[in-house]
Amino acid sequence: MSDKKPLIQPRTLKGFRDFPPALAMPREQMIDKVRTVFRSYGFAPIDTPALEYAEILTGKGGDESDKQMYRFTDNGGRDVALRFDLTVPFARFAAQHIGQLGTPFKRYHVGPVWRGENTQHGRYREFYQCDFDTIGTNANAADIEIALIIHDILAALGFERFSIHVNHRLVLNGLLASLGLAEGAPAILRALDKLAKIGAEKVAAEMQATAAVAPEQARQILETVQIKGSNSEILEELEKKIGQHERAATGIANLRQLLAAFAAAGIPENRLALDVSIARGLDYYTGTVYETLLDDLPGIGSICSGGRYDDLASLYSKQHLPGVGASLGLDRLMAAMDELGLLQDSTAPADVFVVQFTEESLAHYIAVSRRLRDAGLRVELFPEAKGMGKQLKYADRKGIPLTLIGGPDEMAKGVWQVKDLRDGVSEEVGDGDLVEYLQGKL
RNA sequence: GUGGGUGUAGCUCAGUUGGUUAGAGCGCCUGGUUGUGGUCCAGGGGGUCGCGGGUUCAAGUCCCGUCAUCCACCCCA
C-alpha cells in the first residue's frame, strides 16, 4: 500500500453537521410526528429546489438575509442562491402553480435551508425548517388552525410547558393610528419587537430616535402594549383603550375568536398567551402574529413563529394571495428537546435481533426474519455466524430489546429461545406462537 | 460582521516556573468463557498535543496567524 499519498482531512464546514444514527433517528422521529399533525389538518406536502435564481430570493427579507445568502454563479453562468427560508420559495411556487392548485391551498414543507451567519447553540448554517401555510383565504378560521397546529405539534413532541404568544397587527396599527402615528409604524414595530430583550426604556428611546415618536406617545404605546392580566382581561383593557377604532376592533374580535377556539378545543389556557408586545420585525405581517416560547428554555428564543400576510406572491404574480402560516425550527427544537431530556427515547434500530448461529442455517433465519417483518416487527439478522457472545453484545449495545436464538437444539425441538436483553431472562417459544409472544414483549 | 473563552486518545479531562519515551477514567479490541450480552479478572491497541509559522539548546506549555467550537452582540428558527 502506498502511504505516500497525502490523506485528505475529513471535516465539515462551519455550521454544517453530520447526523450519525443517534442524531438522525430522533430527527426522523420528530419529522414523523410533525408530519402526522400536518396531515391530520388536511395539509399536503410540497417540495421545492434548494437552489433558485438569485433574483427570486434576494431582497425579500431585507439586507440582513441577502448578506447571509449562499450565492454563486453556476456552471451555466446563472446567478443562483441557496434558499434561506421556505417562505420565499413557497411564494414563487404559489405564483407559478396556483392555477392548478386552487384555493384555499394548505401546504407543509419540511427541508433544509441555508444561512451564512455566525453559529451558536441551536443555530447552524444548514438547518431544517417545517413551514405550514394556508393561502387564498382571509378567514380567521385559518389563523386559528395555524395556532392549533403549533399547539398540537409541541404536544405531540412531548412538550408540556410552552406558550404560544399571539398578537394582532391590526391591534397595533389601531393603537398607532389612534396616536396619529400610522406613518412610522414599521420602525415603531421594529423597536417594539425588542421589548423583551432590551426593556421599555431603550425601546422608547429607539422609537423617539427612529420614528419621531414623542415621549408621551412612547409612554402610551408602551403602557398599552404591556397590559398585564389574563388573556380575557387583556382583551377587555384593549377594548376600552382602542376598541373604538375600526381596525383595532377587528383585531380584537379575531383574537377573541382565537381564545374561544382554544377553549372549545379544551387546551389549557396558559398555553396561549395574548401578548400585545409581540410585533415580529418583518414588515409583511398584517394580521395575527405568533411566537412560541418554551417556558423552561426562554433563552433559546422562538421555536415556531409566523403570522398572517396580505399578499404572499405579489412579487411574482398579479394574483392576490393572502395567507397565514408559521415555520418551525427543527434543529433549535431538537437542541431544546435534548436539553430537556425529551430525546431519550429508545434509538434502537430494531425490536428483535436474530442470532446467526451457523451459516448453514442462514435460510432458516432469513425465513423467520421475514415472517416477523411481515407482522410489523423491526428485525435485524446478524450478517456473520460469529460467536454468540459477540452477537449478543452487539445487540445489547444497540439497545435491541429482544434476541432470537435458534441453534441445533431449538431447531430439533421446533422452538426458539427468546432472550430479553433488558432482564436477561430466556424463554422457549414454539415456532407457531413466536409472533404473538414477541409482540407481547414489546 | 464585532468582542471574548476553549481546542491534549473515540468521550470527559489531568499535564508544575518551557526540560528526556504525554497520563487517568470511561469506551473499544483480545482472552478467561468456541450455546449466551450487560458484572468480574488479565492483557492489548489507540495521540502529527486542531493546523501552519515563529522564539528557544529545548514548545502540549510562550508569541503570531489560521480553522473549528462555545458565549455575548446583531439577527433570527
### Task
Measure out, as a whole number of angstrom, how far apart the alpha-carbon centroids of segment A:320-374 and segment A:199-237 sit.
49
### Integer Hz, Karplus 6.51/-1.76/1.60 couplings in order for segment A:106-123, x for Gly and Pro
10, 10, 10, 8, 10, x, x, 10, 10, 9, x, 10, 5, 7, 7, 4, x, 10
### Summary
Calculated from DSSP helices alone, with each H run of at least 4 adding -39500 (n - 2.57) and the total divided by the residues of chain A, [θ]222 nm to the nearest 500 comes to -12500 deg cm²/dmol
### Query
What nm value, rounded to one decimal, do you get for the distance between A:ASP296 and A:ARG78 when each label is placed 7 Å out toward the C-beta?
4.6
### Task
Whenever you get a sec, line up A:ARG280, A:ARG17 from highest to lowest accessible area (probe 1.4 Å, protein heavy atoms).
A:ARG17, A:ARG280
### Gain in span if fully extended, A:GLU237 to A:ALA50, counting 0.36 nm per residue against the direct Cα distance
62.7 nm
### Task
May I ask you to give the solvent-accessible area per residue for chain A, in square angstrom, as obtained with a 1.4 angstrom probe?
50
### Message
For segment A:264-281 and segment A:9-71, what is the centre-to-centre distance using only Cα atoms, to the nearest Å?
### Response
27
### Task
Could you please state how large a percent of the accessible area of segment A:352-441 is carbon and sulfur, counting protein chains only and using a 1.4 Å probe?
50
### Query
In the neighborhood of A:MET411, defined by Cβ-to-Cβ distances under 13 Å, what is the net charge if each Lys or Arg adds +1 and each Asp or Glu adds -1?
-4
### Query
So, how do all the Cα-to-Cα distances of segment A:352-441 break down into 10 Å bins, in percent, from 0 on up?
18, 57, 25, 0
### Query
List the chymotrypsin sites (Phe, Trp or Tyr not before Pro) in segment A:110-182 that DSSP assigns to loop (not H, G, I, E or B) and whose Cβ has at most 14 other Cβ atoms within 10 Å. Which are they?
none
### Query
Residue by residue through segment A:246-254, which ³J(HN,Hα) values in whole Hz follow from phi under the Karplus form 6.51 cos²θ - 1.76 cosθ + 1.60 (θ = phi - 60°), with glycine and proline marked x?
4, 4, 4, 4, 4, x, 4, 4, 5
### Query
Suppose R0 equals 45 Å; then what is the FRET efficiency for A:VAL425 and A:ALA24 from their Cβ-Cβ distance, rounded to the nearest 0.05?
0.90
### Message
Once the convex hull of the alpha carbons of segment A:1-134 is built, what does its volume come to per residue, in cubic angstrom?
### Response
191
### Query
In whole Å, what three semi-axes, largest first, describe the equivalent ellipsoid of chain A built from its Cα gyration tensor (square root of 5 times each eigenvalue)?
52, 27, 21
## Note on the structure
The alpha-carbon center of segment A:122-174 and that of segment A:95-121 are separated, in whole Å, by 14
#### Entry: Relative contact order, percent, segment A:21-339 [alpha-carbon distance under 8 Å, six or more residues apart]
22
### Task
Provide the FRET efficiency to the nearest 0.05 for the A:GLN257-A:GLU359 pair, computing r from the beta carbons and using R0 = 60 Å.
0.30
### Task
Any lysines with Cα under 17 Å of the A:LYS393 Cα? List them, leaving off those in the same chain fewer than 8 positions away.
A:LYS419
### Query
How much of the DSSP beta bridge set in chain A is antiparallel, as a percent to the nearest 5?
85
#### Entry: Acute angle (nearest 10 degrees) that the helix A:200-211 long axis makes with the longest principal axis of chain A, alpha-carbon atoms
60
### Query
In degrees, nearest 10, range 0 to 90: what is the angle between the Cα axis of helix A:215-225 and the longest Cα principal axis of chain A?
40
### Summary
Expected sort for A:84-90, A:332-338, A:176-182 on mean C-beta neighbours within 10 Å, highest first, is A:84-90, A:332-338, A:176-182
## Note on the structure
In segment A:315-391, the GluC sites (Glu not before Pro) that sit in a DSSP loop and have at most 12 other Cβ atoms within 10 Å of their own Cβ are A:GLU384
### Summary
Using the Kirkwood radius over Cα pairs of segment A:256-390, the Stokes-Einstein translational diffusion coefficient at 25 °C and 0.890 mPa s, in µm²/s and rounded to a whole number, is 120
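The values are calculated or read from the model by the stated rules, or taken from the named source; none is laboratory data. Not measured: the values here are computed from a predicted model. Ideal geometry is used to build each Cβ from the backbone, glycine not excepted, and the neighbour counts take in all protein chains shown. Quick note on the areas: whole protein, heavy atoms, side chains included, nothing else; ligands and nucleic acids left out. Shrake-Rupley method; radii C 1.70, N 1.55, O 1.52, S 1.80 Å.
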